[in-house]
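**Q** Structure below; questions to follow.
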Amino acid sequence: MLTSLNESQKIAATHIDGPLLILAGAGSGKTKTITTRLAYLISIGIDPSSILTLTFTNKAATEMRERAFKLIEQMTYPPLLCTFHKFGLLFLKFHIGLLGRKNNFVIIDTDDKKKIIKMIDKETTTSILVNEISKFKNSTMTPEQVKETSQDKLYSKIADVYEKYEAYLVKNNLVDFDDLLLLTYKILEANPTIAKETSERYKYIMVDEYQDTNELQYKLLKKVCGDNNNICVVGDDDQSIYGWRGATIKNILTFGETFENTLTIKLEENYRSTKKILRHANSLIEHNRERIGKKLISTRDEGEDIKVYESNDENDETRKIAEDIKELLDQGIDAGEIAILYRVNALSRSLEEGFNRARINYKLVGGMKFYERAEIKDLIAYFRVITNKNDNFSIKRIINKPKRGIGATTVSKLEVEAIRLKKSVFSLLEDLDPEELSEVVGKKNSRTLKVFMASIKDLQEILETSKMRFIDMFEETFDFKQSYEKLADGADRIANIDEFYGYLRDYFLQNMDLNLEDFLNEVSLKSDQDGLDGEAISMMSIHASKGLEYEYIFIVGFEEGFFPLVGDETDLEEERRLGYVAFTRAKDRLTVSHVHSRFYKGKRTQLTKSRFLSESELIKGSLTIAKTKAYRKDDLVKHKIFGMGRVLSVSKAGTDLKLNINFGGSKRDILSSFVEKI
């Protein structure tokens, strides 16, 4: 299994004891290296159950599992290889009782979360509340801690909503995605015995895409490791692009300080891109100061020069790109090998219009996701109720879908009665006889609800005997598809439902020993890139392109303000890393484009070309240096979350300053662009 590895990969794959940092450049075979290491550990007799491998997406976990298992001839049982959130789910199923919670909790997705928060606060923008609460959880901050550290009115209000939201989740035995990790961490933090048992069970830990970990994931890993330092992380500091959602590059930059005697292996041989593409990618990223440092070396030929398109406006830009793509398609190039990337999603508008005119088939990666569509969420809610009678949240969603005359007032009456009797809504409907139920909701609604409950009961019994028959009987019982036939987009919705049923059938065929609840848990953990195919050219944000590769890449929007984004909270080094990620998606040909003006947010805007064009040596030009405010030790500053603090020390962080600030006894490293002087 080691013969196909280069020297650096081989050293990394055969390292057994002690902390290991695999610094893997784009296209350097990181997946091959980490999966070979997994297979190697098992091949020399290490117990598979003592190995834990964590990834960020189901797609990555599946790919690693398949690759590793091909390398191992005999294996009695597989090691645990899953996403962080799946690990949290498995852990909570065993230990959530330590928090006084039941293990039949329901995982809610972002849409569910928005609805709950909107129910609590209808005034504040829901997306702001959702994002900030998620940030608090990933910083392990409780509502009380947010209130203590923030003097801002908005954040005091957010803290109140956070507190009520948490109370709602606990009361209804719900957990959101952040809870899967946060509650796991809380249990390990409060129970040293459980933490020790966990670290003794998983003696070898591997983490993929370590540069994307946040504060909570770092703390969780430290707990799972315990005193055992056999941790191997693989990642690329030059591809850390998720700072906006809490990822912190310092986790990978300081890995060697956190874990003593770390061995660092750099994978610098790139098997993906041509020499010319890598030359410009290296030139761009070398302008960053906050990096460990490495230089990708292509194993391929020189390749074509990178094309730089200069256009008057976005329509002219789209026309040039459309002509290039039509030429490629006419030459027989697979549409799935062509992608267009942009930093700002709004730039897709002109591209979509232009491609429609040119009759170029395209797909938007990152649009409405399959499992977020209303009809699919309704189906999932039905299945949740069938598998868990304590799920009040789901029964309220489907009690009148398809419509059966049960309005909000009736639902409210049921909730009040359920609270009075200390039961779930399902148990209430199950336990009350028709006359008792009539007293709560009236005779007509009582009859309707009893028929509804009888149908659910029948389906529960069928599910116990035949999972396949259950799917057919579910549709026959509720005429679910028929309820969408008269809608304008009914055909699309029905096709989605059929797709869902087909996927469920396939899941049961592939996993004979798993049940409907297992399926629902898997669905809850689906990720952005699961299910991508190559039937059309792809258009996506650079963030969505992470981990993908194409023979032909077009990057649009190389203008100041669009790429890089320019503003008070911009992290220029992260913008540059985005540029590096975009460049290194290309295998054979790369085209970058900039325009003199764009029609954006209602008005025509004159633009200047991006500094990244000169930094990557694609064009000649002077560098644009971002202005930074001067800060000194003992300056008083204010942060929108942590409140007022005093600067203890100042150091350079790229073109920004890193300030070590004392916020009322809590010391934090904050970039100067995120605070203001008092």
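The values are calculated or read from the model by the stated rules, or taken from the named source; none is laboratory data. Not measured: the values here are computed from a predicted model. Using ideal geometry, Cβ is built from the backbone for each residue, glycine included, and neighbour counts are taken over all protein chains shown. Surface areas here come from the heavy atoms of the whole protein model, side chains and all, with no ligands, DNA or RNA. Shrake-Rupley method; radii C 1.70, N 1.55, O 1.52, S 1.80 Å.
**Q** Given N residues in segment 220-327, what is Rg(Cα) / (2.2 N^0.38 Å)? Before the final figure, lay out the partial values.
**A** Values: Rg = 19.7 Å, N = 108, 2.2 N^0.38 = 13.0 Å.
Normalised by 2.2 N^0.38 Å, the Cα Rg of segment 220-327 equals 1.51.
**Q** Dipole magnitude of the chain about its Cα centre, charges +1 at Lys/Arg Cβ and -1 at Asp/Glu Cβ only, in debye to the nearest 20? Could the numbers behind the result be given before it?
**A** Working: 103 positive and 106 negative charges, 351 e Å.
Dipole size: approximately 1680 debye.
**Q** Which of the residue pairs Lys171/Lys444; Lys153/Lys396; Lys320/Lys363; Lys135/Lys658; Lys113/Lys587 have a Cα-Cα distance greater than 28 Å in the structure shown? Walk me through the numbers before you get to the answer.
**A** Details: Lys171/Lys444 30 Å; Lys153/Lys396 34 Å; Lys320/Lys363 19 Å; Lys135/Lys658 20 Å; Lys113/Lys587 40 Å.
Listed pairs above 28 Å: Lys171/Lys444; Lys153/Lys396; Lys113/Lys587.
**Q** With a probe of 1.4 Å, find how much accessible area the chain has per residue, and write the answer as a whole number in Å².
**A** Working: 31370 Å² over 678 residues.
For the chain, the per-residue accessible area is 46 Å².
**Q** Stokes-Einstein diffusion coefficient for segment 244-289 at 25 °C in a medium of 0.890 mPa s, Rh from the Kirkwood formula over Cα pairs: what value in µm²/s? Spell out each step's value before the answer.
**A** Numbers: Rh = 13.5 Å.
It comes out at roughly 182 µm²/s.
**Q** Now a separate question. Quick one: Cα centre-to-centre distance for segment 655-678 and segment 134-171, in angstrom?
**A** 21
**Q** Here is a further query. For segment 15-64, what % of the accessible area comes from carbon and sulfur atoms, probe 1.4 Å? Can you show the working numbers first?
**A** On the way: 710 of 1270 Å².
For segment 15-64, the apolar C and S fraction of the accessible surface comes to 56 percent.
**Q** Whole Å is fine, so just give me how far the alpha carbon centre of segment 58-117 lies from that of segment 318-373.
**A** Segment 58-117 and segment 318-373 have Cα centres spaced 34 Å from each other.
**Q** When the dipole is taken about the Cα centre of segment 261-415, and only Lys, Arg (+1) and Asp, Glu (-1) are charged at their Cβ, what size is it in debye, to the nearest 20? Please list the in-between numbers first.
**A** Values: 30 positive and 26 negative charges, 263 e Å.
Using Cβ point charges on Lys, Arg, Asp and Glu, segment 261-415 gives about 1260 debye.
**Q** Follow-up question, since we're still on this one. Could you list which residues have their amide H under 5 Å from that of Glu551, counting only those 5 or more apart in sequence or on another chain, with H placed in the peptide plane?
**A** Excluding prolines and chain starts, which carry no amide H, the hits are Lys587.
**Q** Mind ordering 570-580, 186-196 by average Cβ neighbours within 10 Å, highest first?
**A** Numbers: 570-580: 23.2, 186-196: 15.3.
The peptides rank, most packed first, as 570-580, 186-196.
**Q** Still on this structure: Under the Kirkwood approximation applied to all pairs of distinct alpha-carbon atoms, what is the hydrodynamic radius of segment 165-264 in Å?
**A** Computed over Cα pairs of segment 165-264, the Kirkwood hydrodynamic radius comes out at 14.8 Å.
**Q** Before anything else, pin down the relative contact order of the chain: Cα pairs under 8 Å, at least 6 apart, normalised by residue count, whole percent. Kindly include the intermediate steps, with their values, before the conclusion.
**A** Numbers: 1069 pairs, mean separation 113.2, N = 678.
Relative contact order, the chain: 17 percent.
**Q** Radius of gyration and Dmax for segment 295-406's Cα atoms, expressed in Å?
**A** Answer for segment 295-406, Rg first and Dmax second: 23.0, 69 Å.
**Q** Accessible area of segment 262-401 with a 1.4 Å probe: how many percent of it is carbon plus sulfur? Show your work: numbers first, answer last.
**A** Values: 2750 of 6230 Å².
Roughly 44 percent of what the probe reaches on segment 262-401 is carbon or sulfur.
**Q** Further, regarding this structure: With only alpha-carbon atoms counted, please give the Rg and Dmax of segment 427-526, in Å.
**A** 16.6, 47
**Q** Calculate log10 I(q)/I(0) of the chain for q = 0.05, 0.06, 0.07, 0.11 Å⁻¹, where I(q) comes from the Debye formula with a single equal point scatterer on each Cα and nothing for solvent.
**A** Calculated log10 I(q)/I(0) at the listed q: -0.27, -0.39, -0.54, -1.35.
**Q** Which of the peptides 503-513, 447-457 is most tightly packed, and how do the rest follow, judged by the mean count of other Cβ atoms within 10 Å per residue? Kindly include the intermediate steps, with their values, before the conclusion.
**A** Working: 503-513: 12.4, 447-457: 16.0.
In decreasing order of mean packing, 503-513, 447-457 become 447-457, 503-513.
**Q** When the gyration tensor of segment 1-64 is built from Cα positions, what are the square roots of 5 times its three eigenvalues, in whole Å, from largest to smallest? Working shown, then result.
**A** Values: eigenvalues 59, 54, 26 Å².
For segment 1-64, the semi-axes come out at 17, 16, 11 Å.
**Q** Cα gyration tensor of segment 347-438, axes a ≥ b ≥ c as square roots of the eigenvalues: rounded (a/c below 1.5), prolate (a/b > b/c) or oblate?
**A** Numbers: a/c = 4.09, a/b = 3.43, b/c = 1.19.
Prolate shape, in that a/c is at least 1.5 and a/b is the bigger ratio.
**Q** Take every DSSP beta bridge with both residues inside the chain and express the antiparallel ones as a percent of the total, to the nearest 5.
**A** Values: 25 of 71 bridges.
About 35 percent, rounded to the nearest 5.
**Q** Right, next: Hey, could you pull the Cα Rg and Dmax for segment 52-117, both in Å?
**A** Just the Cα atoms of segment 52-117 yield Rg and Dmax of 15.8, 51 Å.
**Q** Beyond a 28 Å Cα-Cα separation, which of these cross-linked pairs lie in this structure: Lys157/Lys633; Lys118/Lys223; Lys118/Lys640?
**A** Values: Lys157/Lys633 32 Å; Lys118/Lys223 35 Å; Lys118/Lys640 23 Å.
Over 28 Å Cα-Cα: Lys157/Lys633; Lys118/Lys223.
**Q** Could you give me D for segment 1-125, from Stokes-Einstein at 4 °C and 1.567 mPa s, where the hydrodynamic radius is the Kirkwood radius over C-alpha pairs? Units µm² s⁻¹, please. Write out the running numbers ahead of the final one.
**A** On the way: Rh = 17.4 Å.
Translational D for this selection: 74 µm²/s.
**Q** Taking the full set of protein chains and a 1.4 angstrom probe, give the accessible area of His594 in square angstrom, rounded to the nearest 10.
**A** For His594, solvent-accessible area is about 10 Å².
**Q** Next question, about the same structure. Any chance you could check the Cα centroid distance between segment 412-488 and segment 176-246 for me, in angstrom?
**A** Result: 41 Å between the Cα centres.
**Q** If the cut-off is a Cα-Cα distance under 17 Å, which lysines reach Lys443, setting aside same-chain residues fewer than 8 apart in sequence?
**A** In chain and number order, the partners are Lys413.
**Q** Over segment 104-229, how many percent of alpha carbon pairs lie in each 10 Å bin up to the one with the longest distance?
**A** Values per bin, smallest distances first: 12, 38, 32, 16, 3.
**Q** Roughly how many percent of the accessible protein surface of segment 163-239 is carbon and sulfur, given a 1.4 Å probe and a whole-percent answer? Please list the in-between numbers first.
**A** Numbers: 1330 of 2710 Å².
The C+S portion of the solvent-accessible surface of segment 163-239 is 49 percent.
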